[in-house]
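Comments concern the structure below.
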Amino acid sequence: MSRTLFTSRAGGDLKLSRNREALRTSLDLPVLHFMKQTHSDTVLVVDEAGEDFECDALITQSKGVGLAALAADCMPITFSAAQWVGVAHVGRLGFTSGIAGKTVAMMRELGAGDIKATIGPSICGTCYEVSPEMYQEISERYPAARTSDSLHALDLQRGVTIELETQGVEVRNLKICTLENPQYFSFRRGAEAARQAGLISL
């Protein structure tokens, strides 16, 4: 059985190594892997070894190995199946590169059956306003992320939900907006480099 957690401000800024170690200890995990996130579409399979993997999604079947995705408006998404778990960091670039779907595809290639995904705290479709030009470009390619031309905000939570459901994934969206909820770090609110995380382990 997998275990999923989405941290809040109470957990401290998880860009700091001491807070990461305190979190690992509090969860009684032998290993807690973090990523060097670059808004890529790279998915890696890991076990107990290694650290600071340069990617934006991790998958494991090793028990006791926690996987973490840092975020401060982007979506931390966890994935669970009978013998596999995964985590992905999905922002605008990750959404358009399809990293959530690629995580699911790799889990299935490795033998995962029914996969469930949880979308953690992230900026909502009302608050994620972008330039009118960017809005038109992305909403034409991904209609599920469209809101309205007057608002020109992208609903990435809805976009990734429909993407995953199309792949047969059961999706749960916590519907927590990081900009609206002061318990969470938000880059757009002015949280500078601070981050929280979505975590999962077997």
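Values quoted throughout were computed directly from the atomic coordinates according to the rules given, and no laboratory measurement underlies them. Source: prediction; values computed, not measured. Neighbour counts are summed over all protein chains in view; Cβ atoms, including those assigned to glycine, are modelled from backbone coordinates with ideal geometry.
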- Message: As I understand it, the dipole of the chain uses +1 on the Cβ of Lys and Arg and -1 on the Cβ of Asp and Glu, about the Cα centre. Which of M106, A88, P132 lies farthest toward its positive end?
- Response: A88
- Taking r as the C-beta separation of R3 and E170 and R0 as 22 Å, the FRET efficiency to the nearest 0.05 is 0.80
- Task: Set Lys and Arg Cβ to +1 and Asp and Glu Cβ to -1, take the dipole of segment 131-202 about its Cα centre, and tell me which of T147, C177, A197 lies farthest positive.
- Result: A197
- the chain: relative contact order in percent, alpha carbon pairs under 8 Å with at least 6 residues between: 28
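Where in segment 21-85 are there GluC sites (Glu not before Pro) that are in a DSSP coil and have at most 13 other Cβ atoms within 10 angstrom of their Cβ? Please report the intermediate quantities before stating the final value.
Values: sites: E21, E48, E51, E54; in loops: E48, E51.
Here the GluC sites (Glu not before Pro) that fit, given the DSSP loop and packing criteria, are E48, E51.
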- Message: How big is the dipole moment of segment 153-202 about its Cα centre under a simple scheme where the beta carbon of each Lys and Arg is +1, that of each Asp and Glu is -1, and everything else is neutral? Debye, nearest 20, please.
- Response: 180
- Determine the dipole magnitude for the chain: charges of +1 sit on the beta-carbon of Lys and Arg, -1 on that of Asp and Glu, nothing else is charged, the reference point is the Cα centre, and the result goes in debye to the nearest 20. 500
- Message: For a quick size check, give me the Cα extents of the chain along its three principal axes, largest first, whole Å.
- Response: 49, 36, 25
- Express in whole angstrom the spacing between the alpha-carbon centres of segment 160-202 and segment 118-156. 15
- Query: Where a ≥ b ≥ c are the square roots of the eigenvalues of the C-alpha gyration tensor, would you call segment 149-202 rounded, which needs a/c under 1.5, or, failing that, prolate if a/b is larger than b/c, or oblate?
  - Reply: oblate
- Could you tell me which Cys residues in the chain have no other cysteine's Cβ under 4.7 Å from their own Cβ, answering none if every one has a partner? C55, C74, C127
- GNM on the chain, C-alpha springs below 10 Å: top fluctuator among A153, A72, A57? A153
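If R0 is 30 Å, what FRET efficiency do you get for N181 and L16 from their C-beta distance, rounded to 0.05?
0.90
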